[in-house]
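One structure is given here, and the rest of the page talks about it.
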Amino acid sequence: MSAVVTEKKLKVVGTRPDRPDGVPKLTGTAQYGADYTLPGMLWGKVLRSPHAHARIKKIDASKALKLPGVKGVVTAADLPDQKFDYVGPERVAQNFWHMTRNILAREKALYEGHAIAAVAATTPAIAAEALKLIEVDYEVLPHVIDVEDAMKPDAPLLFEDMITRGIEPAPTKPSNISKRVEFKLGDADAAFATADEVVELSFKTAAVHQGYIEPHACLARADADGQAEVWSSSQGHFVVRTMTAKLLGMKTGDLRCHAAEIGGAFGGKTVVYVEPVAGALSKKTGHPVKIMMSREDVFKATGPTSGASMTIKVGVMRDGKIVAAKGLFKYQAGAFPGSPVMNGCMCGFAPYDIANVNTIGYDVVCNRPKSVAYRAPGSPISAFAVESTLDMAAKKIGMDLIQFRLKNIAKIGTPTVWGPKHSHAGFAETLQALQKHPAYSAPLGKNQGRGVAVGYWFNGGGESSSTVNVNEDGTVVVATGSPDIGGSRASTAQMAAETLGIPYEAVRPIIADTNSVGYTQATGGSRVSFATGMTVINACKKVTEEMCRRAAKIWKIEPENVIWEDGSARPAGKRAGEFPPLSFKEIASKRTATGGPVVASASINAEGQAPGFSAQFADVEVDPETGAVKILRYVAAQDVGRAIHPSYCEGQIIGGVVQGIGWALNEEYIYDKNGRLENPGFLDYRMPVASDLPKIDAIVVEVPNPNHPYGVKGVAEANIVPPMAAIASAIHGATGKRLTDLPMSPPKVLAALDSCSRIVQR
């Protein structure tokens, strides 16, 4: 279903052409990270800690090195140590001192699965056997898994010298709290005193995996001249280059990285795990080295998103106006600092016009793998708490759930809690599209309920590059530095075809390696079609300008008397003369005679991105005997700016909803008393399958972004934000019970049916 706010007048943008990667993926010729091989290649395996927290007293690899077929072993001692420093903007700051210790443990193993050492051997079997021969002397230490437990004064410390950042004056005692963040708008405490109704709830969410199908894999080759090359499945091969070179003590320019096809990521492949290890093994052995993670490795040693504990308080008037809001967010960072708690603090109340808001967040380390991004990182967690609390407030004053949100929706000019004012429309339009859906007024039966929630994400801009090459047959190669994980090859090809005025089928989009195109940030944050798309458009405009000059040379007139229109050069002006239009293909065929190759490049540090906004409702039926929740109907509306490829937009919306459904009802990391993960695989980690899901109706709302030539707004992030709260609201409607802990699995639903909701009301 499509709700189009602006009329389209474009030929290629907005259509649904075949995807460029369809045939290779369908036929099995697409090459993923594990598919690359090189002559003389060795196989790498990683030894991982069996303990959640242990001091590493000694590592002895002598027996492993004596095993025939073993060519080398690396430990943290083979990597240069890094300066303790937070680099980059605070919201996404990196600390390489932490990063190198996550790649290979140094002083301590900080979670089960933490990499301790790695072996390179002539076969995978020999490498696996060698791991058994490495002797590690551990001093097992007390561990802490839960975020609340980690914050206690007597909790086991992961770092004995960690002093909480963001508190003035700085604490004198170390703790597991890495950082405190706070944002304020107005005076929330004073405003609560004026509210007609105040609702306060506490929440808890579990850590969840991104659910990508392809495990991490890479192939690295270190040459004798100091140069090196890496092939890996990642969301950003320029990021791989930067991080791997830094961790190996190399010059960035000495490392060339290639982007393989990617079998899912969703934020989980924005960092490195095996690339520096394979590189170190290759450097030590003089052979290329391939490392492939097992599924168990992925679950135990790569980052899920954070679990969290939260408390939300809102004050409302009887007419539905929200006058005050407070949020306390405690996020698990895992073994090293860097949870998305700042995003959670910023995004939770962002969809609304609330004059008085206060959000406080804590980034807390614990003995789990370090958390990494998962679609709109941080926002789904805080939205579950915020939207659930707002839902209770709306029900308390007897107001329709959508109307309540429309009453308070942020508009252009509405200030945010972190400072800037909203500068884009689309929020109200999306809610209105949801409200108009016929299913919203459909009757509900016994044990059934309907829930509504909204979601927000900033969307990204940033650095991108592209190069456009014109072939003599009129086809065009569009080379970008953005790995394609959500349809960017199709969208950039469409924008190129639209700008050049040529058929989509004449465009050949490729992902170039780090030596073949300009620097490009990772594919994430819904930035690529916006930022990289603009570089493609700008490069194509340069091409059309050059094609006009070539036409002028053919016609022997001045270039200023030639214009580009509908894929052809046309004479224009009083001195242009009378010439039939020259098509793109005709000019390309004469490139040698008119000046040689036609090539154009463009780079940008893109600004002007528009945030993503999604509004959704769910209808559920709860079995009072088993606690099972069946989703009967699901409708999701999202403002996509302009849909470059509507099918991809619909797919992103549906995909985000499916992941949110799993997050809401089933998915969680489960640890035993020893801090060991009990469900490190898809047999025990319960992701939704087709039989768990209803038909999901995706409503594509189009309110074009005026800062992009084709109106692009990012699509992939915001759609995962509302489902958890929408389903919790629907369960409340069906049962009268408010569930505040994720996942809302059958045992928790049954327990709720026999207990009171944890609501504090005035």
_Going by what's in this entry, would GLY524 be described as in the same structural domain as ILE381 (by TED's automatic domain parsing), touching a residue at least 60 places away in the same chain (Cβ under 8 Å), closer than 25 Å to ILE654 by Cβ and not hydroxyl-bearing (Ser, Thr, Tyr)?_
no
*Considering only segment 563-605, how many residues are in contact with a Pro (Cβ under 9 Å, 6 or more places away or on another chain) and either in contact (Cβ under 8 Å) with a residue 12 or more places away in the chain or closer than 14 Å to THR544 by Cβ (or both)?*
12
*In segment 716-762, what residues are under 24 Å from the mean Cα position of the chain (by Cα) and at pLDDT below 95?*
ALA716
*When you scan segment 1-106 for helices (runs of 4 or more DSSP H) that lie fully inside it, which ones turn up with 2 or more residues that are among the β-branched types (Val, Ile, Thr) and touching a helix residue (DSSP H, G or I) at 6+ places or on another chain (Cβ under 8 Å)?*
96-103
*Do we find a residue being surrounded by fewer than 19 Cβ atoms within 10 Å (Cβ to Cβ), modelled with pLDDT of 95 or more, assigned by TED's automatic domain parsing to the domain that holds GLY315 and in contact with a strand residue (DSSP E or B) (Cβ under 8 Å, 6 or more places away or on another chain) anywhere in segment 392-400?*
yes
*Only one residue in VAL298, VAL277, VAL314 is in a helix (DSSP H, G or I), under 26 Å from GLU148 (Cα atoms) and modelled with pLDDT of 95 or more, so which one is that?*
VAL298
*asked:* VAL364 - would you say it is closer than 25 Å to ARG101 by Cα and among the β-branched types (Val, Ile, Thr)?
replied: yes
_Taking the condition of being aromatic (Phe, Trp, Tyr) and farther than 18 Å from ALA308 by Cα, how many residues in segment 334-362 meet it?_
1
_Any residue in segment 640-658 that is polar (S, T, N, Q) sitting within a Cβ distance under 7 Å of a residue that is surrounded by fewer than 22 Cβ atoms within 10 Å (Cβ to Cβ)? List the pairs, counting only those 6 or more apart or interchain._
SER647/ARG16
_Quick check on segment 470-479. Is at least one of its residues surrounded by 17 or more Cβ atoms within 10 Å (Cβ to Cβ), on the phi > 0 side of the Ramachandran plot and touching a residue at least 12 places away in the same chain (Cβ under 8 Å)?_
yes
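Condition check ((1) part of a loop (DSSP other than H, G, I, E, B); (2) more than 17 Å from LEU328 (Cβ to Cβ); (3) assigned by TED's automatic domain parsing to the domain that holds ASP391; (4) of a type outside the set (Phe, Trp, Tyr)) across all residues:
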{"position": "LYS173", "(1), (2), (3), (4)": "yes, yes, no, yes"}
{"position": "LYS179", "(1), (2), (3), (4)": "no, no, no, yes"}
{"position": "LYS184", "(1), (2), (3), (4)": "no, no, no, yes"}
{"position": "ALA195", "(1), (2), (3), (4)": "yes, yes, no, yes"}
{"position": "GLU200", "(1), (2), (3), (4)": "no, no, no, yes"}
{"position": "ARG221", "(1), (2), (3), (4)": "no, yes, no, yes"}
{"position": "ALA224", "(1), (2), (3), (4)": "yes, yes, no, yes"}
{"position": "ARG256", "(1), (2), (3), (4)": "no, yes, no, yes"}
_Kindly evaluate MET243 against the criterion of being of a type outside the set (Asp, Glu) and in a loop (DSSP other than H, G, I, E, B)._
no
_Total residues in segment 183-233, condition under 26 Å from the mean Cα position of the chain (by Cα) and within 30 Å of VAL657 (Cα to Cα)_ = 18
*asked:* Could you list, ordered by first residue, the pairs with Cβ atoms under 7 Å in which the first is in segment 311-333 and on the phi > 0 side of the Ramachandran plot and the second is modelled with pLDDT of 95 or more, at least 6 apart or interchain?
replied: GLY320/ILE397; GLY320/MET399; GLY320/PHE404; GLY320/LYS407
*Looking at (1) in contact (Cβ under 8 Å) with a residue 12 or more places away in the chain; (2) over 30 Å from ASN95 (Cα atoms), find the lone condition where ALA383 falls short.*
(2)
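The values are calculated or read from the model by the stated rules, or taken from the named source; none is laboratory data. This is a predicted model, so every value here is computed, not measured. A quick note on method: Cβ atoms are made from the backbone with ideal geometry, for glycine too, and the neighbour counts reach across all protein chains shown.
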